[in-house]
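> Input: one structure, supplied below.
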Amino acid sequence: MDPVHAPGVYQGAANVIATLMLVLEFGMLRQALIRDQIRLYAAQSALISVLAIVIAADRGLPDLYALAALSAALKVVAVPLVVRRLLGRTGHDEAPGVAGSYTFGVANTVLGSIGLAALGYFCFGALGIHSPVAPAAALAIAGAMVLVAFGLMIVRRDVASQAVGFFSLENAISLAALVVAAGLPLILETAFLFDLLVAVVVFAMLMRAHHARTESLSTADLTRLRG
Amino acid sequence: MSAALPILVIQLLQVLTVAVAAPGLTGVIARMEARLQGRAGPRLLQPYYDLAKLFRKEALAPEGAGWFFLAAPVVAVAAYLTVPLLIPVLTTYGLPLGYMGDILGGGFMLSLASFLVAAAALESGGPYAQLGSSRAKTFSAITEPVVLFVVFTVALLTGTDLPYALAATVRSSAGQIVRPAHLLASAALFMVILAETGRIPVETHTGTNEFGMIDEARPFEHSGPYFALLKWGSELKQLILYTILANVFLAPWGLASTQQATSVLLAIVALLAKATAIGAVVAVIDSSFAKLRLFKITEFVAGAFLLAVLGVFTLYLGGG
């Protein structure tokens, strides 16, 4: 690869948006409070809509405008609202058991996730998938994001952060889908979005049931076996 | 058509611009910060008056401090004044002494100066000066890897590690500007600059609270002309770092591409404008964020490290 060669403005902009999403994923990873995590999730979801609009405008795919609007309505507005409502019902200012639910320290978590991101970059980059609509680097970034989101769900020991991690995992997969299959029929893309709604409902049930049983969202209480 | 300046004069002008404008930049930032906080603020030229006053004062050294204590400020300023020879301050083309060293060479000069100041603070025997130098060295040990990764990004982007080459690459096309690697490296460098120049969120620049001090505590035991040199040195370092950020990474435009006197003059004006713009951003950050607690600074630097590493990944593994 020629080191000086730049991929062009469109590819660069798409890559920058994808990179910003990855940076926000890291932000969610290290953010202690759930309301900040939800805010970052909303920002990340807004970015994927922006990316869809950029691709739609540059590659002439009008379907993607509809997808961007739908995804923004769902992921920037509805999901954060629902999760915030649910947490508001716990009757505390900040949901109990979320802050400080790290398994490791913040610095170790970030360093470990950098390793995960490298693995994601390497594996997806090595696939050598080239798409006519979006740059291949964005796919590698999506791969890194999937792994970091998994890492987030593993290192945080509370239901709410794990839910946010799962939702952002869906964002990462949407990004990968945009890169490899931007021309996918709209109906399929929408179906995937509604999958997310199912996940939201399931996580909502989980959060409420867990909070009703243990008065906390922390999963640390679940390690002890109870008869 | 104006007269062409000899190349040596331009080279000298690079150093002179930085040397003369550095205290002024500190004055401008202090003034903007004061205005943002609703105060009248000091005069713009206050840092020059401070330096003039200190240069006229008597110098005292603590008992037991040797020649090193007095020599360090002089050598540190000399090291700072060497760096403008290596980076594109006024011209797009490399000046004869510009290829003495690459980015790493400039980095070595900056860390040599910082090491000398820290060692002189240790020699003083004063507890606050020692605390400052110990903290400064601790934190520079964690900002160093960030700078290293920024240099890796530059090397991957240009195939060299000459600051002139990166500036030319950024100028070459819009595609080079929106590359994630370039933007991530610039952001990481900006965060390192905030840490290295002792700004919020790492340190209060004009605080008198010794417990939070890092860079500001080091010259506690120096006085008179030596203290003036240390103050001037930190102002020089600030302008040099801003110049690297502006003229190599963010906005390498407005530099002189010929030896004409007018274009060199314009380049000086452009540099001052760019440095003031960065200063304005820094002043806004200074007035809108709280200082981090000392043990949280590692997390701030870890954020910068993350950006720099992602820059290298995107470029090397992702091909972006």
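The values are calculated or read from the model by the stated rules, or taken from the named source; none is laboratory data. Just so it is clear, the structure is predicted and the values come from calculations on it, not from any experiment. Reconstructed Cβ throughout: ideal geometry from the backbone, glycine too, with neighbour counts over all protein chains shown.
> Kindly provide the set of residues from segment A:1-22 that are without any contact (Cβ under 8 Å) to a residue 24 or more places away in the chain, surrounded by fewer than 20 Cβ atoms within 10 Å (Cβ to Cβ) and not acidic (Asp, Glu), ordered by number.
Once the filter is applied, which keeps residues that are without any contact (Cβ under 8 Å) to a residue 24 or more places away in the chain, surrounded by fewer than 20 Cβ atoms within 10 Å (Cβ to Cβ) and not acidic (Asp, Glu), segment A:1-22 yields A:Met1, A:Pro3, A:Val4, A:His5, A:Gly8, A:Val9.
> Which one of the conditions (1) under 25 Å from B:Ala79 (Cβ atoms); (2) at pLDDT below 90; (3) surrounded by fewer than 18 Cβ atoms within 10 Å (Cβ to Cβ) does B:Ser223 fail to meet, given that it meets all the rest?
Unmet condition: (2).
> Out of the residues in segment A:1-40 that are charged (D, E, K, R) and over 27 Å from A:Ser131 (Cβ atoms), which is farthest from the other protein chains (Cβ to nearest Cβ)?
So the residue we want is A:Arg35.
> A further question follows. Farther than 22 Å from B:Leu236 by Cβ and either in contact with a strand residue (DSSP E or B) (Cβ under 9 Å, 6 or more places away or on another chain) or among the hydroxyl-bearing types (Ser, Thr, Tyr) (or both) - does that describe any residue in segment B:106-117?
Looking for residues that are farther than 22 Å from B:Leu236 by Cβ and either in contact with a strand residue (DSSP E or B) (Cβ under 9 Å, 6 or more places away or on another chain) or among the hydroxyl-bearing types (Ser, Thr, Tyr) (or both), one finds none in segment B:106-117, hence no.
> Could you list, in sequence order, the residues of segment B:218-274 that are small (Gly, Ala, Ser) and under 30 Å from B:Ala129 (Cα atoms)?
Listed by number, the residues that qualify are B:Ser223, B:Gly224, B:Ala228, B:Gly233, B:Ser234.
> Now for a different question. For the structure I just gave you, tell me whether A:Ile53 is more than 14 Å from chain B (Cβ to nearest Cβ), under 20 Å from A:Leu193 (Cβ atoms), β-branched (Val, Ile, Thr) and free of Cβ contacts under 8 Å to residues at least 60 places away in the same chain.
Yes.
> Let me ask another. What number goes with the only condition from (1) modelled with pLDDT under 90; (2) farther than 24 Å from B:Lys231 by Cα that B:Gly38 does not pass?
Looking at each condition in turn, B:Gly38 falls short on (1).
> Pick from segment B:150-166 the residues that are more than 11 Å from chain A (Cβ to nearest Cβ) and surrounded by fewer than 23 Cβ atoms within 10 Å (Cβ to Cβ): which of them is modelled with the lowest pLDDT?
Result: B:Asp161.
> Cβ-Cβ distance below 8 Å, separation of 6 or more or different chains: which pairs start in segment B:44-72 with a residue that is under 30 Å from B:Ala280 (Cβ atoms) and end on one that is outside any loop (DSSP other than H, G, I, E, B) and among the hydroxyl-bearing types (Ser, Thr, Tyr)?
Matching pairs, first to second residue: B:Pro47/B:Thr26.
> A further question follows. For B:Ala290, only one of the following conditions fails: (1) hydrophobic (A, V, I, L, M, F, W, C); (2) in a helix (DSSP H, G or I); (3) away from every other protein chain (no Cβ under 14 Å). What is its number?
(2)
> Looking only at segment A:1-56, how many residues end up being small (Gly, Ala, Ser), under 14 Å from the mean Cα position of the chain (by Cα) and closer than 21 Å to A:Asp158 by Cα?
2
> The conditions are (1) touching a residue at least 24 places away in the same chain (Cβ under 8 Å); (2) away from chain A (no Cβ under 14 Å), and B:Gly311 fails exactly one of them. Which is it?
Result: B:Gly311 fails condition (2) only.
> Before we move on, is B:Val282 β-branched (Val, Ile, Thr), assigned to a helix (DSSP H, G or I) and under 30 Å from A:Gly125 (Cβ atoms)?
So B:Val282 fails the test.
> Turning to a different aspect of this structure: Considering B:Ile244, B:Ile200, B:Ile193, which residue is within 30 Å of B:Val312 (Cα to Cα) and in a loop (DSSP other than H, G, I, E, B)?
None of the others qualify; the one that does is B:Ile200.
> Sort out which residues of segment A:107-133 are closer than 19 Å to B:Gly311 by Cα and outside any helix (DSSP H, G or I), and write them in order of number.
none
> Within segment B:279-298, restricting attention to residues that are closer than 12 Å to B:Glu33 by Cα and in contact (Cβ under 8 Å) with a residue 24 or more places away in the chain, which residue is surrounded by the fewest Cβ atoms within 10 Å (Cβ to Cβ)?
Here the residue is B:Val284.
> Same structure, new question: Taking the condition of being touching a residue at least 24 places away in the same chain (Cβ under 8 Å), outside any loop (DSSP other than H, G, I, E, B) and not charged (D, E, K, R), how many residues in segment A:173-213 meet it?
Residues flagged as touching a residue at least 24 places away in the same chain (Cβ under 8 Å), outside any loop (DSSP other than H, G, I, E, B) and not charged (D, E, K, R) within segment A:173-213 amount to 20.
> Consider B:Arg171 carefully, then state whether it is closer than 13 Å to B:Phe249 by Cα, of a type in the set (D, E, K, R) and either at pLDDT below 90 or surrounded by 23 or more Cβ atoms within 10 Å (Cβ to Cβ) (or both).
yes
> Cβ-Cβ distance below 8 Å, separation of 6 or more or different chains: which pairs start in segment B:229-250 with a residue that is farther than 15 Å from B:Thr82 by Cβ and end on one that is small (Gly, Ala, Ser) and outside any helix (DSSP H, G or I)?
Between residues of segment B:229-250 that are farther than 15 Å from B:Thr82 by Cβ and residues that are small (Gly, Ala, Ser) and outside any helix (DSSP H, G or I), the close pairs are B:Ser234/B:Gly198.
> Same structure again: Among the residues of segment B:25-43, write down those that are over 27 Å from B:Tyr128 (Cβ atoms) and in contact (Cβ under 8 Å) with a residue 60 or more places away in the chain.
B:Val28, B:Met32, B:Leu36
> Within segment A:110-141, can you find the residues that are buried (at least 17 other Cβ atoms within 10 Å of the Cβ), within 26 Å of A:Val159 (Cα to Cα) and more than 10 Å from every other protein chain (Cβ to nearest Cβ)?
Passing the criteria: only A:Leu116.
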